[in-house]
Each structure stands twice: as structure tokens, then as C-alpha cells.
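Read the structure below first, then the notes.
The values are calculated or read from the model by the stated rules, or taken from the named source; none is laboratory data. Just so you know, these numbers come straight off a predicted model, no measurement behind them. When we count neighbours, we look across all protein chains shown, and the Cβ atoms used for this are built from the backbone with ideal geometry, even at glycine. Accessible surface areas use protein heavy atoms only, side chains included; no ligands, DNA or RNA. Shrake-Rupley method; radii C 1.70, N 1.55, O 1.52, S 1.80 Å.
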Amino acid sequence: MAIVESSVKVSLTERSYDIVVGAGLLESLGRRLQALGFGGKVGVVTDSTVAKLYGARAVRAIKSAGLDGHLIVVPPGERTKTLRWVTRVLDELVQERFERGSVLVALGGGVIGDLTGFAAAVYLRGIPFIQVPTTLVAQVDSSVGGKTGVNHPLGKNLIGAFYQPKLVLIDIATLNTMPRRQWLGGLAEVIKYGVIADEPFFTYLEQHMDGLLKMEEEAVQHIVTQSCRIKAAIVMEDERESDRRRILNYGHTIGHALESLGKYRTVIHGEAVAIGMVHEAGLSYYLGICKQDLVRRQGDVIRRTGLPVTLPSVSFTDLWTAMQHDKKVAKGRVYSIFPERIGQVRIAPLERADCKRWFLSRRATVVD
Ligand code: NAD
Ligand code: GLY
């Protein structure tokens with residue numbers, strides 16, 4: 001059967017690139033590198049889990065197009081997203097004599113995409129890289145938009161660069177091997193796109209959630225493509241996050257705070273975002289910014305995925321303090337993303353007093 005392929009263009013003048021989406025596209029990796037004009041060494045950076053599943057196939061696809069594919073394998077997980085592992089990748093590039101015309105391929109989840117993109121940005125002051133994301137989070141979010149980087153011991157993503165890939169090649173068939181919990185976490189980001197920017201897409205999610213939970217290919221292809229389209233449009237408006245791109249942080253003000261209070265262990269990122277969206281919508285309703293219908297529709301869709309919605313037991317002071325450490329804090333004020341209606345949000349400062357009043361009364365306003 002012919003592969004159904006959809007594509008999205010990210011137009012950023014000389015940094016423009018395509019996102020292509022389809023089941024089975026990994027096999028076309030070499031041909032696509034060739035079509036972009038790459039002819040020499042190709043470093044495929046991946047983690048040991050993804051290497052076992054897809055490493056050999058990626059290298060075979062590269063070699064069959066006459067290019068020189070070389071696997072660079074790092075350990076899986078967030079703990080690899082450090083300068084130390086960037087250095088290890090750079091060491092290998094130097095030893096293998098990678099040149100300006102060489103290219104890196106990020107094959108894996110968001111950790112691999114962020115790490116590889118950053119290594120590509122700094123090696124020889126910048127060599128090209130392409131993203132081949134293999135988790136839902138990476139396919140709908142981290143591979144698109146050019147945010148690359150690593151963590152610092154004092155905070156997540158504190159070191160990095162905006163550096164766009166030359167191509168995002170999305171093989172949705174790779175999602176079939178993902179752990180269920182990670183897949184559901186990715187769905188939180190997909191739901192987020194509907195709420196912040198696209199009411200018809202949100203309605204599609206309401207109508208197709210059963211198929212999505214069974215990972216039906218047509219539905220997966222649609223949500224990945226549409227999520228990329230929405231993210232691309234936002235990035236094209238505001239590549240460096242001076243304003244509009246901040247709407248992508250909906251659900252993350254509370255979500256990040258919960259992640260840091262749980263020391264990144266009790267909830268995974270997507271779960272924290274799901275809880276964050278439920279409560280940020282509740283806050284928006286409390287402040288009179290949206291109607292209760294939005295809180296209900298969003299809550300219904302999130303609940304159907306099985307993602308958590310309940311704010312863990314936490315004091316207001318701890319929550320507010322954790323919210324202060326978020327990147328959305330500017331000049332000492334916490335900025336939050338308030339949904340106005342499905343498909344439209346507003347960025348506004350959140351006053352401590354308002355947040356506290358909502359926090360103390362939330363049993364009455366949030367259906368959790
Ligand atoms: P991840 O990269 O750690 O991947 C999760 C786990 O899934 C890993 O253990 C990995 O080995 C495994 N895995 C990957 N693909 C698989 C597959 N197809 N089958 C089976 N297992 C597979 O995590 P993630 O959720 O993909 O990404 C999270 C990271 O992305 C965080 O570091 C976050 O900061 C970053 N991120 C970046 C951006 C951005 O714009 N740059 C956006 C969102 C998230
Ligand atoms: N994931 C948020 C952003 O790319 O801006």
C-alpha cells in the first residue's frame with residue numbers, strides 16, 4: 001500500500017524547512033538527505049532504547065542512498081540532556097572528522113532532539129541537522145520550531161540556542177513501540193493545540209478520541225500533521241518567543257510548578273500539563289475570562305484519555321513559589337495563558353492575590 005504522506009512548510013526565510021508525516025517514512029531517510037544535497041558523513045544521534053528499535057534501519061536507509069551513516073548512541077532519559085553529553089557527542093564528531101558539510105540526524109524523543117540540535121548548533125559554529133522524532137511529544141512539539149539545548153543542574157533548558165533543522169521527518173509508525181504512559185502524555189500537548197489555537201481541531205479530538213486511544217493510523221496521522229501545522233504557524237509569527245509563541249506554554253505555568261515540586265519524578269511532563277490545563281482553565285473561569293463550558297469540554301476530553309486532572313495535595317505558598325521559577329516570569333510578575341474560548345487564549349499577568357483566592361475556592365469552580 002502506498003504511504004500516505006502529508007507535509008507542512010515552516011517558512012522562516014533562509015531557515016525554512018519542511019515537516020513530512022507518514023507511516024513508514026524512516027525508510028526514506030537516505031533519499032531525503034540526498035535530496036537536500038547532503039553527500040558525506042551523517043551522524044545519527046540516538047539513545048540506546050531507540051537505537052535497538054530503529055538504529056539499524058536508519059543507518060541502512062542512509063547507506064542505501066550512498067551516504068556514510070554513523071550511529072552515536074547515548075543513554076536514554078532526561079539525565080542525558082546535559083553539557084557533559086553534548087561534549088561526548090562533540091568528541092565523537094571531532095574523532096570521526098565530521099566537517100562543515102556533514103549532517104546530524106536526531107533519531108529519538110525530545111531529549112535527543114534538543115541535545116543533537118544543540119550539538120549541531122555549536123560544532124564548527126553550526127552544521128546542519130534534521131529531526132527524526134520517535135515520541136508523540138517530539139513529533140508534535142519538540143522537533144518543530146528550533147528550540148535546542150540542555151539542562152543546567154539549577155534548572156531545565158537553561159542552556160541552548162534557537163537553531164532550526166533542515167527537515168523534520170516524522171514516521172508515525174515508530175509511535176507503535178512507545179510506552180502507553182508516554183503516548184498519553186503526548187496527547188496532552190495535542191489537546192493543548194486545540195484549546196489555544198484551533199476550535200475545529202479540538203472538535204476533531206472530541207469526535208475521534210476513541211480511535212486515537214486505539215492509535216488508529218488515520219487519526220494519528222491527522223493529529224500529528226495538524227499539531228505541526230499549528231505549531232509551525234505560531235513559530236512563523238514569533239520564532240524567538242518574544243510574544244505569541246508564549247501561548248504554547250498554556251498549562252505549563254501550573255504544570256511546570258507541579259513537576260518541580262514533585263522533583264520531576266511523580267508525574268511525567270504531559271501529565272503535569274494535563275493537570276495544569278484543567279486548573280489554568282478553572283482559574284480563567286474564576287477570573288471571568290472564559291465560560292464554564294470551556295472548562296467542561298476541555299476537562300471531558302482530558303478525562304477520556306485517562307490523564308490525571310486532580311491538583312495534588314500542595315499548599316498555595318509552595319505552588320506559588322514554584323510558579324515564580326517559571327520562564328514565564330518577567331520583571332518579577334508571573335505571566336499565565338488564559339483561555340478565552342476554545343481556540344483562543346490571552347497572555348496576562350497573574351496576580352498573587354487572584355491566584356490565592358482562586359486556589360482557596362477552586363473546589364467550587366473546577367470540575368476535578
Ligand atoms: P524522551 O526523549 O526522554 O523519550 C522518552 C522515552 O521514550 C525515552 O526513554 C526514549 O528512549 C523512549 N523512546 C523514544 N522513542 C521511542 C519509541 N518510538 N519507542 C519506544 N521508546 C521510545 O522524552 P520526550 O517525552 O520525547 O521529550 C521530552 C523532552 O523534550 C524534554 O527534555 C523536554 O524539555 C523536551 N521538549 C523540548 C521542546 C522544544 O521545543 N525543544 C518541546 C517539548 C519538549
Ligand atoms: N515547546 C514550546 C516551544 O517550542 O516554544
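Springs join every pair of Cα atoms under 10 Å in this Gaussian network model of the chain, and among T305, T13, T321 the largest mean-square fluctuation is at T13.
Here the accessible area of the range 1-158 is 54 percent carbon and sulfur, with a 1.4 angstrom probe and all protein chains present. With all protein chains kept in place, the per residue accessible area of the range 1-76 amounts to 48 square angstrom at a probe of 1.4 angstrom. Distance between the 7 Å Cα→Cβ label points at V314 and S361: 2.2 nm.
Taking F118, F38, F201 as the candidate residues, the one with maximal mean-square fluctuation in a Gaussian network model of the chain, Cα springs under 10 Å, is F38. Against the criterion of solvent-accessible heavy-atom surface with a 1.4 angstrom probe, V267, V235 sort, most first, into V267, V235. When the listed pairs K147/K192; K63/K231; K156/K231; K291/K331; K9/K147; K192/K214 are checked against a 26 Å cut-off, the alpha-carbon distance exceeds it for K63/K231; K291/K331. Each Lys or Arg adds one and each Asp or Glu takes one away; over the other residues whose Cβ falls under 13 Å from the Cβ of L175, this sums to -1. Across the protein chains, with a 1.4 Å probe defining accessible surface, the residues K52, K41, K81, K214 rank K52, K214, K41, K81 from largest area downward. Taking all protein chains as shown and a probe of 1.4 angstrom, S7 keeps an accessible surface of around 70 Å². One chain, two ends: S242 and L90. Fully extended at 0.36 nm per residue, the span grows by 51.7 nm beyond their Cα-Cα distance. Given a 1.4 Å probe and the protein chains as shown, K166 ends up with an accessible area of around 90 Å². When E280, E96, E206, E218 are compared by accessible area of protein heavy atoms, the largest-first order is E218, E96, E206, E280, using a 1.4 Å probe. Helices in the chain that qualify as membrane-span-like (whole DSSP H runs, Cα extent of at least 27 Å along the helix axis, mean Kyte-Doolittle hydropathy of 0.0 or higher) are 217-237. For the range 217-368, the solvent-accessible area of protein heavy atoms averages 45 Å² per residue (probe radius 1.4 Å; ligands and nucleic acids excluded). The residues packed around K81, meaning those with a beta-carbon under 12 Å from its beta-carbon, carry a net charge of 0 if Lys and Arg are +1 and Asp and Glu are -1. Taking Cα centre as origin and charging only the Cβ of basic (Lys, Arg, +1) and acidic (Asp, Glu, -1) residues, the dipole magnitude of the chain rounds to 760 debye. Using a probe of 1.4 Å, the accessible surface attributed to T87 totals some 70 Å² when neighbouring protein chains are kept in position. Between A119, A56, A281, the GNM of the chain built on Cα springs shorter than 10 angstrom shows A56 fluctuating the most.
Hey, got a sec? Which trypsin sites (Lys or Arg not before Pro) in the range 287-323 land in a DSSP loop and have at most 16 other Cβ atoms within 10 Å?
K291
Here's how it looks for C290: its modeled amide H is under 5 Å from those of Y285, which are all 5 or more places away or on a different chain.
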